[in-house]
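Shown next, in structure tokens, is the structure this report addresses.
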Amino acid sequence: MRASDEDRQRIVTALERHTGAGRLTLDEFAQRVDVAAGARTLDELAAVVSDLPAEQPEERQQREFLLLLAVAIVTLALLGAYLALR
């Protein structure tokens, strides 16, 4: 099956997390990003991260919670600014 730009970006984001966790060197990261950028199929993308541990569900939930929290804070700040200007 053909890979989309979103699929490639998802793999690059995973590579960034694994590099930050110390699982990949910067050279390995750069090489894998090049492979991911040129991948045409989902199988080619899967091979880029096949030797790395899968993301744990609680890590994903924590990231989603932090994103939701950030959106709520920005929304409250904008609402406060709007009310202050009125």
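The numbers here are math on the coordinates, done by the rules we state, and not lab data. In this text the structure is predicted, and so the values were computed from the model without any measurement. Cβ placement follows ideal geometry from the backbone for every residue including glycine, while neighbour counts extend to all protein chains displayed.
Taking the Cα of R60, stepping 7 Å toward and past its beta carbon, and measuring to each backbone N in the stretch 1-42: which are under 20 Å?
Answer for this model: 3-21, 42.
From the backbone phi of the stretch 32-38, what are the Karplus-calculated ³J(HN,Hα) couplings (6.51 cos²θ - 1.76 cosθ + 1.60, θ = phi - 60°) in whole Hz, Gly and Pro given as x?
Result, ordered by residue: 5, 5, 4, 5, 4, 5, x Hz.
So for the pair L68, A21, with labels modelled 7 Å out along Cα→Cβ, what separation do we get in nm?
Inter-label distance under the simple model: 2.2 nm.
Largest first and in whole Å, what are the equivalent-ellipsoid semi-axes of the chain based on the Cα gyration tensor, each being the root of 5 times an eigenvalue?
Values for the chain, descending: 35, 15, 12 Å.
At 0.36 nm per residue, and after removing the present C-alpha to C-alpha distance, how many nm does the segment from L52 to T13 gain when stretched out fully?
In short, 12.7 nm is gained.
Place +1 on the Cβ of every Lys and Arg and -1 on the Cβ of every Asp and Glu in the chain, take the dipole about the Cα centre, and give the residue among G22, A36, V74 whose Cα lies farthest towards its positive end.
V74
Note down the magnitude of the dipole of the stretch 1-49 about its Cα centre, charges +1 on Lys and Arg C-beta and -1 on Asp and Glu C-beta and zero elsewhere, to the nearest 20 debye. Intermediate results must be reported in sequence, preceding the final value.
Details: 7 positive and 9 negative charges, 21 e Å.
Computed charge dipole of the stretch 1-49: roughly 100 debye.
Given only helices, namely DSSP H runs of n ≥ 4 each adding -39500 (n - 2.57), what is the per-residue ellipticity at 222 nm of the chain, to the nearest 500 deg cm²/dmol? Walk me through the numbers on the way to the answer.
On the way: 4 runs with 65 residues, N = 86.
Calculated mean residue ellipticity at 222 nm is -25000 deg cm²/dmol.
Give me a comma-separated list of calculated 3J(HN,Hα) values for the stretch 15-26, in order, Karplus coefficients 6.51, -1.76, 1.60 applied at θ = phi - 60°, integers in Hz, x for any Gly or Pro.
Karplus values, whole Hz, x for Gly and Pro: 5, 4, 5, 5, 5, x, 7, x, 7, 10, 7, 5.
³J(HN,Hα) across the stretch 76-86 via Karplus (A = 6.51, B = -1.76, C = 1.60, θ = phi - 60°), whole Hz, x for Gly/Pro?
5, 5, 5, 5, x, 5, 4, 5, 5, 6, 7
I need to check one value: relative contact order of the chain, counting alpha carbon pairs closer than 8 Å and at least 6 residues apart, in percent.
Details: 41 pairs, mean separation 25.4, N = 86.
About 30 percent, as a whole number.
Work out the length of the dipole vector of the chain about its Cα centre, built from +1 on the beta-carbon of each Lys and Arg and -1 on the beta-carbon of each Asp and Glu, and round it to the nearest 20 debye.
Numbers: 10 positive and 14 negative charges, 85 e Å.
Dipole size: approximately 400 debye.
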